[in-house]
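What follows is a set of notes on a single structure, which appears directly below.
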Amino acid sequence: MIEIRWHARGGQGAVTASKILASSAIREGKYAQSAPDYGAERAGAPLRSFNRVSEEPITLHCLVLHPDIVVVVDPTLLKTVPILEGTDENAILVVNTDKSPAQLREYLGVEGRKIYTVNASQIAMEELKKPLMNIPMLGALVKVIEDLVSLESVEEDIKATFGKKITQELLNANLKALDRAYREVKGE
Amino acid sequence: MAVTIIKERKMVPYSGNMAAAEALRQINPDVVAAYPITPQTEIMHFFADFVANGLVDTELMTVESEHSALSAAVGAAAAGARAMTATAGPGLALMWEILGVASGMRLPIVIAVVNRALSAPINIHGDHSDMMGARDQGCIMLFSENAEEEYDNMIQAIKIAEDERVRLPVMVGMDGFIISHSIENVSLLTDDEVREFIGTQKMMNSLLDVDNPVTHGAIAMSDSYMEFKRQQREAMMNAYKVIREVGEEFAALRGRKYEHIETYKTEDAEYILVVMGSTAGTAKYVADRLREKGEKVGIIKVRTFRPFPYYDIADAIEASNARAIGIMDRAETFGGYSGPLFEEVCTALYTRGKIYPVTGIIYGLGGRDCNINHIEEAFDVVKKKAAGIEVPPVTYLNLKA
Amino acid sequence: MKGWKDLEIGAVITNPGSSAEYKTGEWRAWRPVFQRENCIDCMICWVFCPDSSIIVEDKKVVGIDYEHCKGCGICAFECPKSKGDDESKKALVMKPEYLFREED
Amino acid sequence: MAQISNKPKFVTKDEIKVPPLKELTSLREGIAPGHRLCTGCVAGTILRQMFMAAEAAGYTLIIANATGCVEVCTSIYPHTSWKVPWIHNAFENAAATITGAEAAYKALKKKGLLPSDKKVKFVALAGDGGTYDIGFQSLSGAFERNHDFIYVCYDNEAYMNTGIQRSSATPRYASTATQPAGKVIPGKPQPKKWMPEIAAAHGIPYVAQLAPSHFNDFMKKFIKALNTKGPSYLNIFCTCPRGWRAKEEEGILISKLAVETNYWPLFEVEEGKWKINYKPKNRKPVVEFLKKQGRFKHMFKPGNEHLIEELQRDVDARWERLLKLEQL
């Protein structure tokens, strides 16, 4: 079982990204959960969302305490919320930042853990013209964790989730943002 | 969620609310009356989409309060319609008066309850205070562990409620946000399967039968009131059998049996936790981990709270090697010994003539997380109790000291 | 009254209009006495009676349902043929019930 | 596509003819005697006139009755006075209950599951407590949702069933158990809530004020409500001999005086258009109405003349407002 914790601000779409991830995994025949930590979901307020993905049925119904992966959607949260809480040396960080993984490691003063970075804000602004970093971060996450879900499943789910609600143009922009982050994410 | 009909069974990523709404769509009730309250609102959003897109024949009444929602459901059910509503926490509290009316009039209304804490302080998150507060209003109460159970329980609820031996309202509870708003795997039945399973309602004493006019809701003086209450007791006792029968029938369709309780590794268990709702899943996970370390622990999940399965619980505990039992309540009974579940489990044991060391555990109020560590802590309390080490009568889990 | 096993569930009453079995006429302190010879069948008493106790057959008032009449006196009070002091000319006259009960 | 338009519509403006009383006597009574309403309770008369109108117009009523005198007195197990389908749910929810039944009617009709094809009309029946006060929210919601039903309020101006407590329908200076006329406070200080205008403000197709003394007008309005598609509100004057400390035989007389003094004007509001149905040629002073009732007795004590004057001003102001509304 892989456990993931998302850090974002309300309005950045992290809850949706977390749902798409779970949905894509279930689409692939896996077992998955997506559980937002509701309560502070007002636009701009820091929020968390959780995922569990497994080959076996999941019975846990509680917050993720020891995430295998931490996804930081908003770089301004790096120092304001305890993003490393509950992680061990083997944890993986996927962070939206213009820094390289090495720069970020130094900036955070982190030892151990694998760090991946992607400039999701830039991708979002270029492709979506809005600071919606959720989809790019999902793209990066999919790349980083190979066995989680395939990029194709996520694309399918994005089409199913957004398909009828947004224009084709915006849908394509989302898919492009997903794909760019998938390709542009860098590890140490 | 997709507005579509289900022709083939499939696994879907659904939240508890989506699962409840899908069940509602497949049931295709005649009348649904509801009022928005967090975290139930989504059920009605999804269902309203079905109505707007012509996927159900339902008259959806968007009423001005929960009190009116259940009142309208009473009117509709007395008219012979399949009537349903959905609510949460304070909304259920506002319905309270009419819960007793619905059960007293023996109307088979199904109520989806997204379990939420009661004010004050105001809190929108999951606990069982709402249904526990309404536990003596004569409604059958089922608790769901996850989204799929919510879906399955909603479908079974119709059949249980409408059984002529029962004719009582059924509440189907799921933990607010933890289940209602979390996406999980849900295996859906086809529309045809659900409709065939529930069948068409048999109308009894319909208000619309003007050729055979009936009076519903008469005043019963002290010369007959008690007899009607005794009938309700009988109906609840019948419900105990009917819930089991419907669960068996459902198993034939679904491949998974639903019983009043679910025992998890209790056969040789020395330490047992009794729990309801979503935390049962977490508790099972912890039981597995502790078993790996050689600890003989087990879980009893209570699915049916009303009628309460006294025999099942006493049987399960008697069949185990229990040295002590922890009973976990996600609700308070202020001034009582512990929570409502505690009282019932103790009654089950006492009436069986079995005395075990028992300890009350209160957890998860207002959505407070109950994770692996807390379940382990609960087991620690149970172990202490078994060892004769003094523990407080009630332990509050995950409480800031 | 039946035992709990035999009562209709939910206190449903399936015999419409069965309150007629309950004789509210027992309550009566004053009795409307109908004098057919003075009646013009205007139906004023009938339309105002709160207890459906004016018996009309073929559009003619034929008497009072003493099993249910509570003796309120609205019929006699409203009757256009029962004004004034001369009882013999009235269609409806209110008389104390005890006069009749003693005769029983 | 399912129906989109849900606009209230008043379907008939035809002249409604109420058959002569003699003709009505051959129709079925909807309510049986043996009910336990107090001796002289005019609610009994109101119910009978309702059924006369329904029978004359060919409707079977399906009734949801709020808790109150009528409910309690007509459904004492194992007896019922009702010859039509009837339900009591609680005090404050007659409107929600009947609209639930009405929704069920629509749904079951769509599915072809209706047990009978007779012409029916759904009626919520409540006293003033169940209407002006505790049932107000449920009533307002049902009007807004535009169900096809009639809301009947028999207004006896206080909580009579529970022992004559004041309601928002109690008129100024009436003495009740909870606002008795005392040495310092002369009964209820507040004026009566003006319910018909509140009902009309919902934009429902038909609102009317009725009095059982004026039975022709009563039945005509009831038939209009029956023929209306959408919600109707009927506010009906109901003498309570016990609560008003009036003579049992004078219930109808008091109803007449209420109309003749303009205390209880007869009017109707058809699709927003106000119309006074009866304008007394020689309007009697309200004192004629008051003096028949013990609940106003203290107003006749020397030194309390101003109380009567004030109540007269309330009545005059209401009438003036009605005249203005009629001009709209």
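Conditions (1) assigned to a helix (DSSP H, G or I); (2) under 18 Å from residue B:206 (Cα atoms), marked per residue:
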residue: B:70; (1), (2): yes, yes
residue: B:81; (1), (2): no, yes
residue: B:84; (1), (2): no, yes
residue: B:95; (1), (2): yes, no
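Suppose the filter is open to solvent by 10 Å² or more (accessible area, probe 1.4 Å), within 18 Å of residue D:102 (Cα to Cα) and either touching a Cys at 6+ places or on another chain (Cβ under 8 Å) or charged (D, E, K, R) (or both); does residue B:9 pass it? For residue B:9, the condition - open to solvent by 10 Å² or more (accessible area, probe 1.4 Å), within 18 Å of residue D:102 (Cα to Cα) and either touching a Cys at 6+ places or on another chain (Cβ under 8 Å) or charged (D, E, K, R) (or both) - is not met. From the list D:187, D:130, the lone residue that is touching a residue at least 60 places away in the same chain (Cβ under 8 Å) and within 19 Å of residue D:225 (Cβ to Cβ) is D:130. Which condition does residue D:48 not pass, out of (1) on the phi < 0 side of the Ramachandran plot; (2) within 11 Å of another protein chain (Cβ to nearest Cβ); (3) part of a loop (DSSP other than H, G, I, E, B), if it passes all the others? It is condition (3) that residue D:48 fails. Evaluating residue B:186 against the criteria (1) in contact with a strand residue (DSSP E or B) (Cβ under 8 Å, 6 or more places away or on another chain); (2) part of a helix (DSSP H, G or I) leaves one unmet condition, (2).
Identify, please: which residue in the stretch D:66-84 is of a type in the set (A, V, I, L, M) and assigned to a helix (DSSP H, G or I) and is, among those, farthest from the other protein chains (Cβ to nearest Cβ)? Step through it out loud before you land on a result.
Restricting attention to the stretch D:66-84, the residues satisfying the condition of being of a type in the set (A, V, I, L, M) are D:66, D:70, D:72, D:76, D:84.
Filter once more, so that each one left must be assigned to a helix (DSSP H, G or I): D:70, D:72.
On the way: D:70: 11, D:72: 6 Å.
In this case the residue turns out to be D:70.
Let's see how each residue does on (1) more than 24 Å from residue D:124 (Cα to Cα); (2) out of contact with any Gly (no Cβ under 8 Å at 6 or more places or on another chain):
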residue: D:148; (1), (2): no, no
residue: D:159; (1), (2): no, no
residue: D:182; (1), (2): yes, yes
residue: D:187; (1), (2): yes, yes
residue: D:194; (1), (2): no, yes
residue: D:202; (1), (2): no, yes
residue: D:205; (1), (2): no, no
residue: D:213; (1), (2): no, yes
residue: D:226; (1), (2): no, yes
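Residue-level analysis places residue D:309 among those that are surrounded by fewer than 19 Cβ atoms within 10 Å (Cβ to Cβ), farther than 17 Å from residue D:157 by Cβ and of a type in the set (Asp, Glu).
State all residues of the stretch B:378-397 that are buried (at least 16 other Cβ atoms within 10 Å of the Cβ) and farther than 15 Å from residue B:272 by Cβ; if no residue qualifies, say none. B:391, B:394, B:395, B:397 - these are the residues of the stretch B:378-397 that are buried (at least 16 other Cβ atoms within 10 Å of the Cβ) and farther than 15 Å from residue B:272 by Cβ.
Which residues, taken from the stretch B:267-284, are of a type outside the set (Val, Ile, Thr) and either open to solvent by 10 Å² or more (accessible area, probe 1.4 Å) or touching a helix residue (DSSP H, G or I) at 6+ places or on another chain (Cβ under 7 Å) (or both)? Working first, answer last.
So in the stretch B:267-284, the residues of a type outside the set (Val, Ile, Thr) come out as B:267-271, B:273, B:276-278, B:280-281, B:283-284.
Scanning the stretch B:267-284 gives B:267, B:268, B:270, B:271, B:273, B:276, B:283, B:284.
Residue check: is residue D:106 more than 18 Å from residue C:10 (Cβ to Cβ) and open to solvent by 10 Å² or more (accessible area, probe 1.4 Å)? It is true that residue D:106 is more than 18 Å from residue C:10 (Cβ to Cβ) and open to solvent by 10 Å² or more (accessible area, probe 1.4 Å). Exactly one residue out of D:87, D:98, D:63 is open to solvent by less than 10 Å² (accessible area, probe 1.4 Å), in a strand (DSSP E or B), at pLDDT 95 or above and within 7 Å of chain B (Cβ to nearest Cβ), and it is D:87. State whether one or more residues within the stretch B:197-205 are touching a residue at least 60 places away in the same chain (Cβ under 8 Å), over 19 Å from residue D:100 (Cα atoms) and either away from chain D (no Cβ under 14 Å) or open to solvent by less than 20 Å² (accessible area, probe 1.4 Å) (or both). Scanning the stretch B:197-205, I find at least one residue that is touching a residue at least 60 places away in the same chain (Cβ under 8 Å), over 19 Å from residue D:100 (Cα atoms) and either away from chain D (no Cβ under 14 Å) or open to solvent by less than 20 Å² (accessible area, probe 1.4 Å) (or both), so the answer is yes. Of all residues in the stretch D:182-205, those being open to solvent by less than 40 Å² (accessible area, probe 1.4 Å), of a type in the set (Gly, Ala, Ser) and more than 17 Å from residue D:264 (Cβ to Cβ) number 1. The combined condition, being of a type in the set (Ser, Thr, Tyr), over 22 Å from the mean Cα position of the chain (by Cα) and open to solvent by 10 Å² or more (accessible area, probe 1.4 Å), is not fulfilled by residue B:333.
Being at pLDDT 95 or above, in contact with a Cys (Cβ under 8 Å, 6 or more places away or on another chain) and open to solvent by less than 30 Å² (accessible area, probe 1.4 Å), is that true of even one residue in the stretch D:142-152?
Looking through the stretch D:142-152, none of the residues is at pLDDT 95 or above, in contact with a Cys (Cβ under 8 Å, 6 or more places away or on another chain) and open to solvent by less than 30 Å² (accessible area, probe 1.4 Å).
Checking the condition in contact with a strand residue (DSSP E or B) (Cβ under 9 Å, 6 or more places away or on another chain), more than 11 Å from every other protein chain (Cβ to nearest Cβ) and either open to solvent by 10 Å² or more (accessible area, probe 1.4 Å) or within 29 Å of residue B:14 (Cα to Cα) (or both), which residue from B:86, B:147, B:120 passes? Going through B:86, B:147, B:120 in turn, just one is in contact with a strand residue (DSSP E or B) (Cβ under 9 Å, 6 or more places away or on another chain), more than 11 Å from every other protein chain (Cβ to nearest Cβ) and either open to solvent by 10 Å² or more (accessible area, probe 1.4 Å) or within 29 Å of residue B:14 (Cα to Cα) (or both): B:86.
Scanning the stretch D:153-166 for residues that are touching a residue at least 40 places away in the same chain (Cβ under 8 Å), open to solvent by less than 40 Å² (accessible area, probe 1.4 Å) and not aliphatic (A, V, I, L, M) yields a total of 5. Might you let me know whether the stretch C:13-32 holds any residue that is open to solvent by less than 40 Å² (accessible area, probe 1.4 Å), in contact with a strand residue (DSSP E or B) (Cβ under 7 Å, 6 or more places away or on another chain), more than 9 Å from chain B (Cβ to nearest Cβ) and on the phi > 0 side of the Ramachandran plot? No, the stretch C:13-32 has no match at all. For the stretch D:227-249, the set of residues classified as surrounded by fewer than 23 Cβ atoms within 10 Å (Cβ to Cβ), in a loop (DSSP other than H, G, I, E, B) and within 10 Å of chain C (Cβ to nearest Cβ) consists of D:247 only. Selection within the stretch A:1-38: residues that are assigned to a strand (DSSP E or B), at the interface with chain B (Cβ under 9 Å from one of its Cβ atoms) and of a type in the set (Gly, Ala, Ser). The member of this set that is most open to solvent (accessible area, probe 1.4 Å) is A:35.
If the condition is being in contact (Cβ under 8 Å) with a residue 24 or more places away in the chain and in a helix (DSSP H, G or I), then the stretch B:288-316 contributes B:289, B:290, B:291, B:310, B:311, B:312, B:313, B:314, B:316. Of the residues making up the stretch B:161-171, those that are in contact with a helix residue (DSSP H, G or I) (Cβ under 7 Å, 6 or more places away or on another chain) and surrounded by fewer than 24 Cβ atoms within 10 Å (Cβ to Cβ) are B:163, B:165, B:167. Does the stretch B:25-35 include one or more residues that are hydroxyl-bearing (Ser, Thr, Tyr) and either touching a Phe, Trp or Tyr at 6+ places or on another chain (Cβ under 6 Å) or away from chain D (no Cβ under 14 Å) (or both)? No: the stretch B:25-35 contains no residue that is hydroxyl-bearing (Ser, Thr, Tyr) and either touching a Phe, Trp or Tyr at 6+ places or on another chain (Cβ under 6 Å) or away from chain D (no Cβ under 14 Å) (or both).
Please go through the stretch B:2-58 and pick out each residue that is among the small types (Gly, Ala, Ser) and either under 20 Å from the mean Cα position of the chain (by Cα) or assigned to a helix (DSSP H, G or I) (or both). Result: B:15, B:16, B:19, B:20, B:21, B:23, B:33, B:34, B:48, B:52.
Out of the stretch A:39-57, which residues are of a type outside the set (Lys, Arg) and surrounded by fewer than 21 Cβ atoms within 10 Å (Cβ to Cβ)?
Of the residues in the stretch A:39-57, the ones of a type outside the set (Lys, Arg) are A:39-41, A:43-47, A:49-51, A:53-57.
A:39, A:40, A:41, A:43, A:44, A:45, A:46, A:54, A:55, A:56, A:57 - these are the residues of the stretch A:39-57 that are of a type outside the set (Lys, Arg) and surrounded by fewer than 21 Cβ atoms within 10 Å (Cβ to Cβ).
The values are calculated or read from the model by the stated rules, or taken from the named source; none is laboratory data. What you are looking at is a predicted structure, and each value in this text was computed from that prediction instead of being measured. Note: ideal-geometry Cβ built from the backbone for every residue, glycine included; neighbour counts use all protein chains shown. Side chains included, ligands, DNA and RNA excluded: accessible areas come from the protein's heavy atoms. Shrake-Rupley method; radii C 1.70, N 1.55, O 1.52, S 1.80 Å.
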